[in-house]
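Here's the structure, in structure tokens; my notes come after.
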Protein chains: 2
Amino acid sequence: MPKRKASAKQQFDAGRYLATSGVKKRILNFRASQTIFLQGDVSHSVFYLQSGAVKIVVSSSAGKEAVVAILRPGDFFGEGCIAGQPLRVATAVALGPVSVLRIEKSEMIRVIHEEREFSDRFVAHMLKRNVRVEEDLVDQLFNSSEKRLARALLLIARYGNNEKPQHIVARVSQRTLAEMVGTTRGRVSFFMNKFRKLGFIKYNGGLQVHDSLLRVILHD
Amino acid sequence: MPKRKASAKQQFDAGRYLATSGVKKRILNFRASQTIFLQGDVSHSVFYLQSGAVKIVVSSSAGKEAVVAILRPGDFFGEGCIAGQPLRVATAVALGPVSVLRIEKSEMIRVIHEEREFSDRFVAHMLKRNVRVEEDLVDQLFNSSEKRLARALLLIARYGNNEKPQHIVARVSQRTLAEMVGTTRGRVSFFMNKFRKLGFIKYNGGLQVHDSLLRVILHD
DNA sequence: TCTTAGGTGTTCAATATTGAACACCTCCTT
DNA sequence: AAGGAGGTGTTCAATATTGAACACCTAAGA
């Protein structure tokens, strides 16, 4: 391992490490809306997202669906098996062309033990993920569906492409938004138009989310 | 209670290790409803709950409060600082007499590096916690407040004392329940009485939760 | 080209939920 | 014993939300 830079903290690149080291893994590619794993599958491997976006969906017995996470390159998913979950508790779906690394549970545990920096990175990832899910939970507990939708749009916009000044959201249907926010499609449509009338979002080709949408969340 | 079988795997006792090894820590004791740390405090230490119960509360700017977790002995909390969170994002309150270990962030990181079994235990804890919060989120997304209350009662009952055949819940006010479930106290009162009339719970001194309460969750 | 599947805007009645009261308890403390 | 601070049961009107339609639009395939 190269000498640690004094200042550079998050120097270690888990993706590069996984890709280039002797870690036993497999590269898998998926196309839009293909299923990576299905809720109820036996679970014995962890995934690392190299490129593209993935959504994590939970289905209820009543047939409802909820999107609990949208993942970006650098994220792990399916880590539940390390904690002893025998089955997948959610379904992972590619939102576009996607490339992932699949690492067997036992191999993952081995690597976590042997490579301290990788272990650090993994723990950091879990902690961050935890923070994020907890934020989502608090959002549900505190806010109305209008505010939750506003927050979801802002988050997607920033994650989607943080380089553009005017945030353009990747193609997300109202149905998916409804499943993320925890409401019905009709409601999403209603609020989207309200936001549009107020100038918070625009529809020029793709969807544009303006920062002023924050007012929806902040105000009263 | 029969003697613990040495069934190989979860043999390592993180609490014992923390308490007896050379890990730099501090033992702190609190009484009922004392604050362990406050949302907004600077955060540079992790806590390990030795005995008692702790609730984690998030306050919104609008003055609403949400209980995002009830912790039991063996749980860590305040781990956000390891992920780089500079401030506490929630308040930790003792639900009764409580004894905790406080470990500085830097010391915690050192121990995670040096003691493999401890590290495993910590990662396992984070993963489990993650699963739990995600379940709570899904619960919010799918279920009505009636079902959420039923689930909360069942969870508390089982956690509270898993040794008794008839589950007796520790003293939890309707206000706290409302904050856990994400609804109003009036609503909790309403459903509690509904459950009682249906024989799902009883009020003999303490609150008794019957397994039949599961029907509320399962039935359509 | 025709057809179809998915996405969207919109409506409406039926429910669920809130927020804020009020009266009544039961512990505590003074 | 009086007072107070929680906790509880209950009410009510005002809102928010659902669920299920229906019509319209677009893109993509046969």
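Residue-by-condition table, conditions (1) more than 9 Å from every other protein chain (Cβ to nearest Cβ); (2) more than 17 Å from A:Val131 (Cβ to Cβ):
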| residue | (1), (2) |
| --- | --- |
| B:Gly40 | yes, no |
| B:Leu49 | yes, yes |
| B:Val68 | no, no |
| B:Leu71 | yes, no |
| B:Phe76 | yes, no |
| B:Ala83 | no, no |
| B:Val89 | no, no |
| B:Leu95 | yes, yes |
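Mind listing whichever residues of the stretch B:180-220 are assigned to a loop (DSSP other than H, G, I, E, B) and either of a type in the set (Val, Ile, Thr) or surrounded by fewer than 20 Cβ atoms within 10 Å (Cβ to Cβ) (or both)?
B:Thr183, B:Thr184, B:Leu198, B:Gly199, B:Tyr203, B:Asn204, B:Gly205, B:Gly206, B:His210, B:His219, B:Asp220
If you go through the stretch A:138-147, how many residues are over 22 Å from B:Val131 (Cα atoms) and either free of Cβ contacts under 8 Å to residues at least 60 places away in the same chain or away from DNA strand C (no atom under 16 Å from the Cβ) (or both)?
So the answer is 2.
Give the stretch A:113-144 a look and list any residue that's more than 7 Å from chain B (Cβ to nearest Cβ), surrounded by fewer than 18 Cβ atoms within 10 Å (Cβ to Cβ) and over 14 Å from the mean Cα position of the chain (by Cα), or say none.
If the condition is that a residue be more than 7 Å from chain B (Cβ to nearest Cβ), surrounded by fewer than 18 Cβ atoms within 10 Å (Cβ to Cβ) and over 14 Å from the mean Cα position of the chain (by Cα), then A:Glu114, A:Glu117, A:Ser144 are the ones that fit.
List, please: which pairs have Cβ atoms under 6 Å, are six or more places apart or on different chains, and start with a residue in the stretch B:182-193 that is within 17 Å of B:Val67 (Cβ to Cβ) and end with one that is charged (D, E, K, R) and more than 6 Å from DNA strand C (Cβ to nearest atom)?
Cβ pairs passing all conditions: B:Arg185/B:Arg175.
Do any residues in the stretch B:63-77 that are farther than 22 Å from B:Leu101 by Cβ have Cβ atoms under 7 Å from those of residues that are in a loop (DSSP other than H, G, I, E, B) and not β-branched (Val, Ile, Thr), where the two are at least six apart or on different chains, and which pairs are they?
The qualifying pairs are B:Ala66/B:Gly182.
Any residue in the stretch B:119-137 that is touching a residue at least 40 places away in the same chain (Cβ under 8 Å) sitting within a Cβ distance under 6 Å of a residue that is outside any helix (DSSP H, G or I)? List the pairs, counting only those 6 or more apart or interchain.
From the stretch B:119-137, the pairs are B:Arg121/B:Phe12; B:His125/B:Phe76.
How many of the residues making up the stretch A:57-84 are out of contact with any Asp or Glu (no Cβ under 9 Å at 6 or more places or on another chain) and either modelled with pLDDT under 90 or part of a strand (DSSP E or B) (or both)?
Number satisfying all stated conditions: 10.
Identify all residues within the stretch A:21-49 that are modelled with pLDDT of 85 or more and over 26 Å from A:Pro86 (Cα atoms); write none if there are none.
Passing the criteria: only A:Arg31.
The values are calculated or read from the model by the stated rules, or taken from the named source; none is laboratory data. Here the structure is a predicted model, which means the values were calculated and not measured. Note that we place each Cβ from the backbone using ideal geometry, even for glycine, and neighbour counts take in every protein chain shown.
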